[in-house]
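In what follows, a single structure is set out as structure tokens and then discussed.
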Amino acid sequence: MQKIQLICFPYAGGTAAFFRGLKEELQDQIEVTAVEYAGHGTRRKESYYSTFEELVQDMTAMVRDVRNPELPYALFGYSMGSVVAYEVWKAYQKQGVELPVHVFVASHRPPHLPLQGNLNADSSEEEVIETLCNFGGIDPRLLGNKRFLDLYIQPVKVDYGLLLQYQAAEVPEKVTCDLTAFYAREDLTGEEVRQWQEYTEGAFTQYEFSGNHFFLKGNEKPVGDVIREKLLS
């Protein structure tokens, strides 16, 4: 059976390390490659993006750099990464680049719906912490660690500021491959997620999990099972 590459985009403020568990789950059959945004994780010494378009351009180039040319590939975006994955697909369509065989999105409303949360680049530390706690994205035991919060909160604020710049087209351009959406019942409604169907000409399926915005943690196996079914069957 031929392997396939899965290229993953993190959530706002997130890093490539978020996908480590999924990589371990899929490693025998699927080559998982998680990319890093500038100013985050292993690229934290680089400057942040100034526009969402700049982020997409960088990720479009990054995917070309990390792609294994011997394998077909799919894209998996988590939260903000869902929009990034969609925009990377659009960029490749315009450029005539080989397109992914599948797009996976998770924990994010379709681009034409309002953004979750009320954060922006000017949000206070308290507002960011409150939103992250509601999302289940921060361990309450770390709230007293000022150094950790300083490192953690700024990337979140920057990324939300970029997302707020993003303007979805009134009539979405549809990907030509199948699209699969994952979400948690405490985070999004099935009806919201179902509207991702408007973004594909291929088959659309959605999968609900228990948990919050960061449901992938602890659900790597069931999510991995779906990914295997979609890519390898």
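Do we find that residue 39 is touching a Ser or Thr at 6+ places or on another chain (Cβ under 9 Å) and surrounded by fewer than 19 Cβ atoms within 10 Å (Cβ to Cβ) in this structure?
Yes; evaluated as a whole, the condition is true for this residue.
Would you call residue 61 exposed (fewer than 14 other Cβ atoms within 10 Å of the Cβ), hydrophobic (A, V, I, L, M, F, W, C) and assigned to a helix (DSSP H, G or I)?
yes
Among the residues of the stretch 148-164, is there at least one that is modelled with pLDDT under 70 and not hydrophobic (A, V, I, L, M, F, W, C)?
Among the residues of the stretch 148-164, at least one is modelled with pLDDT under 70 and not hydrophobic (A, V, I, L, M, F, W, C), which makes the answer yes.
Return the pair list, or none, for Cβ contacts closer than 6 Å from residues in the stretch 1-25 that are at pLDDT 95 or above to residues that are in a helix (DSSP H, G or I) and open to solvent by less than 10 Å² (accessible area, probe 1.4 Å), at least 6 apart or on different chains.
What qualifies is 7/63; 8/19; 9/81; 9/84; 9/85; 10/81; 25/224.
Pick out the one residue from 145, 134, 120 that is closer than 22 Å to residue 190 by Cα and at pLDDT below 90.
134
Condition (residue is outside any loop (DSSP other than H, G, I, E, B), out of contact with any Asp or Glu (no Cβ under 9 Å at 6 or more places or on another chain) and without any contact (Cβ under 8 Å) to a residue 40 or more places away in the chain) applied to the stretch 66-81: is it met by at least one residue?
No - not one qualifying residue is present in the stretch 66-81.
Among 46, 54, 70, 87, which is the only one that is closer than 23 Å to residue 228 by Cα, among the charged types (D, E, K, R) and surrounded by fewer than 24 Cβ atoms within 10 Å (Cβ to Cβ)?
Among 46, 54, 70, 87, only 70 is closer than 23 Å to residue 228 by Cα, among the charged types (D, E, K, R) and surrounded by fewer than 24 Cβ atoms within 10 Å (Cβ to Cβ).
Return the residues of the stretch 165-199 that are touching a residue at least 60 places away in the same chain (Cβ under 8 Å), under 22 Å from residue 94 (Cα atoms) and either among the charged types (D, E, K, R) or buried (at least 20 other Cβ atoms within 10 Å of the Cβ) (or both); say none if nothing qualifies.
Scanning the stretch 165-199 gives 173, 175, 178, 179, 196, 198, 199.
Contact list please: Cβ distance under 7 Å, first residue in the stretch 209-225 and open to solvent by 50 Å² or more (accessible area, probe 1.4 Å), second residue hydroxyl-bearing (Ser, Thr, Tyr), pairs at least six apart or on different chains.
Nothing qualifies.
Among the candidates 197, 165, single out the residue that is under 24 Å from residue 49 (Cα atoms) and within 18 Å of the chain's Cα centre (by Cα).
From the options 197, 165, the qualifying one is 165.
Considering only the stretch 176-193, I want to know if a residue exists there that is hydroxyl-bearing (Ser, Thr, Tyr), within 21 Å of residue 113 (Cβ to Cβ) and out of contact with any Asp or Glu (no Cβ under 8 Å at 6 or more places or on another chain).
Yes, the stretch 176-193 contains a residue that is hydroxyl-bearing (Ser, Thr, Tyr), within 21 Å of residue 113 (Cβ to Cβ) and out of contact with any Asp or Glu (no Cβ under 8 Å at 6 or more places or on another chain).
Just the residues that are touching a Lys or Arg at 6+ places or on another chain (Cβ under 8 Å) and either open to solvent by 80 Å² or more (accessible area, probe 1.4 Å) or at pLDDT below 95 (or both), please, taken from the stretch 26-36.
29
Exactly one condition in (1) open to solvent by less than 20 Å² (accessible area, probe 1.4 Å); (2) not in a loop (DSSP other than H, G, I, E, B) is not met by residue 14; state its number.
Failed condition: (2).
The values are calculated or read from the model by the stated rules, or taken from the named source; none is laboratory data. As the structure is a prediction and not an experimental result, all values here were calculated from the model. As a convention, Cβ positions derive from the backbone with ideal geometry for all residues, glycine included, and neighbour counts pool all protein chains shown. The accessibility values were calculated without ligands, DNA or RNA, using every heavy atom of the protein model including side chains. Shrake-Rupley method; radii C 1.70, N 1.55, O 1.52, S 1.80 Å.
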